[in-house]
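The values are calculated or read from the model by the stated rules, or taken from the named source; none is laboratory data. If you're wondering where the values come from, they're calculated on a predicted model, not measured in any experiment. Don't worry about glycine lacking a Cβ; one is built from the backbone with ideal geometry, like all the others, and counts go over all protein chains shown. Please note that ligands, DNA and RNA were not included when accessible areas were found on the heavy atoms of the full protein model with its side chains. Shrake-Rupley method; radii C 1.70, N 1.55, O 1.52, S 1.80 Å.
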Amino acid sequence: MKRKYISFMMIIAMLAFLASSCSIFADKEEEVPASDNDSSVIISQESNEVNDLDTDMGLIDSDPDQPDLTERESNGISFDLEREDAEIKRVKTDPAKFAGRWTATSDQAIYLYGNIDLIVNSNGSWAADITEEKLGGSWKEVDDHIHLDDTSELNFDFDLAFDQSGALVMTETNPEGVINTVLTKMN
């Protein structure tokens with residue numbers, strides 16, 4: 001009986017919270033004087049928030065006091081291999097195939113890193129600009145992939161491997177888990 005009473009009280013509390021939340025976020029209209037010709041203009045708070053954002057350059061300022069913190073609009077590029085549950089099926093590849101200039105273009109890569117521009121040299125060295133940080137070091141072949149060791153202060157090590165689909169996947173392993181990012185070859 002006591003358990004039913006507690007469950008009943010929790011349901012009532014949740015309903016009260018939801019009802020108060022809905023009233024807070026409901027579209028409210030307020031009167032704002034516009035000019036001498038109009039005595040008042042009705043402005044919806046909802047449209048006022050959206051129309052003030054600068055989206056011409058594909059950037060939305062998230063904080064005017066910190067202009068470096070910007071949110072990019074979606075470019076519509078995504079890869080199944082970047083999903084959290086994706087299974088990367090690595091294929092042993094000649095190390096020469098890794099050489100070249102690579103970049104990341106997906107929404108996820110832009111969200112997580114901002115930018116990834118990578119150069120893999122056939123002599124065992126590499127250089128990159130990731131999240132606007134200059135990185136570089138040496139790479140070595142390990143089984144079915146290459147491992148890139150970063151000699152910068154950031155110590156950003158990662159693996160590159162070709163999936164059976166032919167896509168090059170950058171794999172970063174950190175304390176939070178594994179992040180897979182598909183890279184495309186630049187001309």
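Here are the criteria: (1) open to solvent by 60 Å² or more (accessible area, probe 1.4 Å); (2) within 19 Å of the chain's Cα centre (by Cα); (3) modelled with pLDDT under 90. Tell me which single one Asp80 does not satisfy. Checking Asp80 against (1) open to solvent by 60 Å² or more (accessible area, probe 1.4 Å); (2) within 19 Å of the chain's Cα centre (by Cα); (3) modelled with pLDDT under 90, the one that fails is (3).
On the stretch given as the stretch 159-183, residues that are under 18 Å from the mean Cα position of the chain (by Cα) and assigned to a strand (DSSP E or B) total 13. Take Gln108 and decide whether it is within 15 Å of the chain's Cα centre (by Cα) and either in contact (Cβ under 8 Å) with a residue 60 or more places away in the chain or open to solvent by 40 Å² or more (accessible area, probe 1.4 Å) (or both). For Gln108, the condition - within 15 Å of the chain's Cα centre (by Cα) and either in contact (Cβ under 8 Å) with a residue 60 or more places away in the chain or open to solvent by 40 Å² or more (accessible area, probe 1.4 Å) (or both) - is met. Restrict the check to the stretch 125-141 and report whether at least one residue is under 23 Å from Lys92 (Cβ atoms), open to solvent by 30 Å² or more (accessible area, probe 1.4 Å) and charged (D, E, K, R). Checking the stretch 125-141: at least one residue is under 23 Å from Lys92 (Cβ atoms), open to solvent by 30 Å² or more (accessible area, probe 1.4 Å) and charged (D, E, K, R). Within the stretch 136-187, the set of residues being in contact with a Ser or Thr (Cβ under 8 Å, 6 or more places away or on another chain), of a type in the set (A, V, I, L, M, F, W, C) and over 25 Å from Ser78 (Cα atoms) comprises just one member, Trp139. Of all residues in the stretch 78-97, those that are more than 19 Å from Thr173 (Cβ to Cβ) have Cβ atoms under 7 Å from Cβ atoms of residues that are hydroxyl-bearing (Ser, Thr, Tyr) and open to solvent by 70 Å² or more (accessible area, probe 1.4 Å), 6 or more apart or on another chain, in Ala96/Ser122. The selection criterion, being charged (D, E, K, R), at pLDDT 95 or above and not in a strand (DSSP E or B), does not hold for Lys140.
Residues of the stretch 142-173 that are open to solvent by less than 60 Å² (accessible area, probe 1.4 Å), among the aliphatic types (A, V, I, L, M) and farther than 15 Å from Thr103 by Cα: Val142, Ile146, Leu148. In this structure, Asn155 does satisfy being under 23 Å from the mean Cα position of the chain (by Cα), not charged (D, E, K, R) and not in a strand (DSSP E or B).
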